[in-house]
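**Student:** Sharing a structure, written as structure tokens. Questions coming.
What follows draws every value from the coordinates through simple rules; no lab data is involved. What you see is a predicted model; the values in this text were computed from it and never measured. Cβ placement follows ideal geometry from the backbone for every residue including glycine, while neighbour counts extend to all protein chains displayed.
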Amino acid sequence: MPGKHLYEYAVIRLVPRVEREEFLNVGIILFSKGAKYLSCKYHIDTKKLKAFSCELEAEEIEDNLKAFEKICLGAKQGGLVAQWETSDRFRWLTAQRSSSLQTSRPHNGFSNDLDATLERLFEELVL
């Protein structure tokens, strides 16, 4: 029997050089419309980042990931987008981009515990 909450998630990818189309998984965004849940978790592996020998600095990347977090939380510091409905924020965060931070296409599943699901996906796909 499926879990209580239908959810969607996307992997946040760091693309150090867009033209090469190589990426590192650095985070997860998890969304459940029914539960009005939107959260993200991220981690920058600096050793892997150095292997790409890119010009991006970990601090700059983290600043951009913090913006994802503020939008997920609906924080005022997240700007106008952070004040949109939860589903609209998720769609905006997962829209296709050609920047150094991109997301996978959304995937879905069922969960009884969305926080635990976010943690599991983070461990499986990012760490």
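**Student:** Ratio of alpha-carbon Rg to the 2.2 N^0.38 Å globular estimate for the chain, to two decimals, please. Please list the in-between numbers first.
**Tutor:** On the way: Rg = 14.6 Å, N = 127, 2.2 N^0.38 = 13.9 Å.
Cα-based Rg divided by the globular estimate yields 1.05.
**Student:** Sticking with this structure for a sec: Quick one: 3J(HN,Hα) in Hz for the range 26-43, Karplus 6.51/-1.76/1.60 with θ = phi - 60°, rounded, Gly and Pro as x.
**Tutor:** For the range 26-43, the Karplus-derived couplings read 10, x, 9, 10, 10, 9, 9, 4, x, 8, 6, 10, 8, 8, 9, 9, 9, 7 Hz, x marking Gly and Pro.
**Student:** Then there is this: What lysines could a cross-link reach from residue 4, if we take a straight Cα to Cα line under 26 Å and drop same-chain neighbours fewer than 8 places away?
**Tutor:** Cα-Cα hits under 26 Å: 33, 36, 41.
**Student:** Mind checking which lysines have their Cα closer than 23 Å to the Cα of residue 47? Skip sequence neighbours fewer than 8 apart in that chain.
**Tutor:** The qualifying lysines are 66.
**Student:** Count charges around residue 92 for me, please; just the other residues with Cβ under 15 Å from its Cβ, Lys/Arg as +1, Asp/Glu as -1. Don't jump to the answer; show the numbers that get you there.
**Tutor:** Values: positive: 33, 70, 89, 91, 97, 105; negative: 8, 69, 85, 88.
In short, +2.
**Student:** Moving to a separate point now. Evaluate E = 1/(1 + (r/R0)^6) for residue 52 and residue 95, where r is the Cβ-Cβ distance and R0 equals 22 Å; express this FRET efficiency to the nearest 0.05. Please report the intermediate quantities before stating the final value.
**Tutor:** On the way: r = 24 Å, r/R0 = 1.09.
So the FRET efficiency works out to roughly 0.35.
**Student:** With an 8 Å Cα cut-off and a minimum separation of 6 or more residues, compute the relative contact order for the chain in percent.
**Tutor:** On the way: 213 pairs, mean separation 46.3, N = 127.
Contact order relative to length: 36 percent.
**Student:** Taking the alpha-carbon distance from residue 70 and a cut-off under 15 Å, which aspartates and glutamates remain once sequence neighbours fewer than 8 residues away in the same chain are dropped?
**Tutor:** Cα-Cα hits under 15 Å: 62, 85, 88.
**Student:** Could you check which residue among 60, 85, 19 shows the biggest mean-square fluctuation in a GNM of the chain with a 10 Å Cα cutoff?
**Tutor:** 19
**Student:** Taking the number of other C-beta atoms within 10 Å as the exposure measure, put 69, 21 in order starting with the fewest.
**Tutor:** Details: 69 18, 21 7.
Placing the least packed residue first, the sequence is 21, 69.
**Student:** Further question on the same structure: Ignoring the sites themselves, what is the longest stretch of the chain with no trypsin sites (Lys or Arg not before Pro) in a DSSP loop and at most 15 other beta-carbon atoms within 10 Å?
**Tutor:** Numbers: sites that count: 4, 17, 33, 36, 97.
Segment 37-96 is the longest.
**Student:** For the range 8-39 and the range 58-127, compute the distance between their C-alpha centroids and round to whole Å.
**Tutor:** 6 Å
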